[in-house]
Amino acid sequence: MTREAFSKIVLSIPHQPGCYKYYGANDELLYVGKAKDLRKRVTSYFNKNVGNNKTRRLVSLIERIEFTVTDTEHDAFLLENSLIKHDRPRYNIELKDDKTYPYVVIKKEHFPRVFLTRRVIRDGSEYIGPFTDVGQVKELLGLIRQNIPLRNCNLNLAPRNIAKGKFKVCLEYHLGNCMGPCEGLQSEADYDSSLQQVRHVLKGNVGEVIKSLKMRMTELAAELQFEKAAVIKSKIDTLQNYHSKSAVVHPHLGDLDVATILSDEGNAYVHFMMVRNGGVIYASTVPIEKKLEETDTEVLSIALDRLREKSGSNAPEVVVPLPVDVTDKALRITIPKAGDKKKLLDLSLKNAEIYRQEIRRKAMLHTGERDDVQALEILQEALRLPALPLHIECFDNSNFQGAYPVSAMVCFRNGQPSKKDYRHYHIKTVTGINDFASMAEVVYRRYKRVQEEQVSLPQLVIIDGGKGQLGAALESIEKLGLAGRMTVVGLAKREESVFFPGDREPLQLSYDNPAHLLIRRIRDEVHRFGISFHRQQRSKGTFKNELEGIVGIGEKTATELLQAFRSVSKIKTLTERELTRVVGAKKARIVYTYFNE
């Protein structure tokens, strides 16, 4: 749809909350969105400054626009969610990972069986899950069978069949694993109480089961049935051992969900965890394809709703790194700054990063970049990096004969130069030539911008220049609160030794080590990029300064003065005699007179 065509219908769109739908050729639904103000939101797609290619492509395909007004923005969110699930429009984001994770089913039948399945059949049975770790859920079912007596046969235990005496108890009854409902030795009410314990265990609430067993153990002990009480005590110990093994946070946090997001240009990775009674019982990272220019807030909001629904979560609280808009308005949204919940967020983010790196690694291997992967793996091992350095940035200062300082940063992704991410810097806050202060300035400017744009940080930052420049760079990183978020090392210019913060001796890699060759390649690239930028600026006259504007003073004399005294402001304070020692009496007189008229 052209802007001219849109201008004819824009006045019919109200300034009210609601949902809008874009249709293409053959009445294909392309996109569904929600808005607090329909006209403002829809108009934004047809602005001249829309920079995203996917958005421009969508707009070019629009043939017709429909909208539905709602009473509130919340109602618009609910309607959008329903329409996307029903129609699956091409340009709305979608969860790409549709693996069939296993569920534990409590079958809808008399004396329900409990077993593992990957097929969800809408027959009224109760499904708990999904579980991402098959080994863990099998261990859980084994734990349940050891401690909660349930039948595992396929008999039709309808009351009329039991009354007719069709069945006889099997070995499981004699082993104590079943209470014999097939012969009417256990009532359905009693069996249902066992099922309730199963539900507690599967949902991570082992404490409720332990509490019930302790009560039963006390009753048996009071009745002097010490052998039976000892059996119950053994079951309690087993459950407590399992709970302590699975707990990774403090029990006082209660039931909550945790969700974090990492974003690239076209994809996002949402990690979702369910915490129940102090233990993480479910964790999964889901890749999401961003169809348009969706923000992290929009992506996380949609993903969180779907993941909670898919996992059957009813936790009253969700811990997230940024504000989200969810359908359940009773849900408490927490954005922690410190404490146990912040540690949970960090854990979730770490898992999302690991998943993203694995996706990238597989993509690199698939495209045949095995040598790059190997070099990165060797570099990770040599520098003891916590993650594969798929994203590396390197900084270097450059000047001309001690004057005119500039800085450069190059970026390597997946072991290859990412030239669209290269940056060069004019030094703005430093007077004269000061490599340390210049490095501190450009590092601060770089990662301040990264924070503002909410893009991913590199796994490795290389500071070309040794300990002094490394220390200056670390000061800027600490000011931004990024200490520990990425590994920062210094590179000695002569020996190509790698310095770590606080280490007395550098790490010296062998000359033919692939990691060493990669570091040399990155260093050579930042030198090339910095020097070429410096030459380009000189050729454009960018470095023409106040000294060269003095009649009778050329570039050579100006350079000599700056090499000796570092800055024009310093030269202004000098005596004629001090200037003479550098450039001779005649030119010293010209400079001194110019600044002291």
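The values are calculated or read from the model by the stated rules, or taken from the named source; none is laboratory data. Just so it is clear, the model here is predicted, and its values are computed rather than measured. Cβ atoms come from the backbone with ideal geometry, glycine included; neighbour counts cover every protein chain shown. What goes into the accessible areas is simple: the full protein's heavy atoms, side chains included, and nothing from ligands, DNA or RNA. Shrake-Rupley method; radii C 1.70, N 1.55, O 1.52, S 1.80 Å.
Determine which residues of the range 66-85 fall in the zone a paramagnetic label at Q16 would reach in this model, i.e. backbone nitrogen under 20 Å from the point 7 Å along Cα→Cβ.
66-83
How much net charge surrounds M215 when only the other residues with a Cβ under 15 Å from the Cβ of M215 are counted, with Lys and Arg +1 and Asp and Glu -1?
Details: positive: K211, K214, R216, K228, K233, K235; negative: E208, E219, E223.
Net charge in that neighbourhood comes out at +3.
Could you tell me how many degrees, from 0 to 90 and to the nearest 10, lie between the Cα long axis of helix 467-479 and the main elongation axis, the longest principal axis, of the Cα atoms of the chain?
The angle comes out near 50 degrees.
Return the carbon/sulfur percentage of the accessible area of the range 393-518, one whole number, probe 1.4 Å, all protein chains in place. Display every interim value, and only then the final one.
Numbers: 2810 of 5970 Å².
Accessible surface attributable to carbon and sulfur in the range 393-518 totals 47 percent.
Hey, what number do you get for the chain at 222 nm if only DSSP H runs of n ≥ 4 count, each worth -39500 (n - 2.57), divided across all residues, to the nearest 500?
Working: 20 runs with 263 residues, N = 597.
It comes out at -14000 deg cm²/dmol, rounded to the nearest 500.
For the chain, what is Rg from Cα atoms divided by 2.2 N^0.38 Å, rounded to two decimals? Each step should come with its number before you reach the end.
Values: Rg = 33.8 Å, N = 597, 2.2 N^0.38 = 25.0 Å.
Dividing the Cα Rg of the chain by 2.2 N^0.38 Å gives 1.35.
Keeping the other protein chains in place, figure out the carbon and sulfur percent of the accessible area of the range 178-238, with a 1.4 Å probe. Each step should come with its number before you reach the end.
On the way: 1880 of 3350 Å².
Summing carbon and sulfur atoms, their accessible area is 56 percent of the total for the range 178-238.
Please give every one of the lysines within straight-line cross-link reach of K54, meaning a C-alpha to C-alpha distance under 16 Å, and leave out same-chain neighbours fewer than 8 residues apart.
Result set, ordered by chain and number: K290, K291.
What accessible area per residue comes out for the chain, rounded to a whole number of Å², with a 1.4 Å probe? Present the calculation step by step, with values, prior to reporting the outcome.
Values: 31020 Å² over 597 residues.
Accessible area per residue, the chain: 52 Å².
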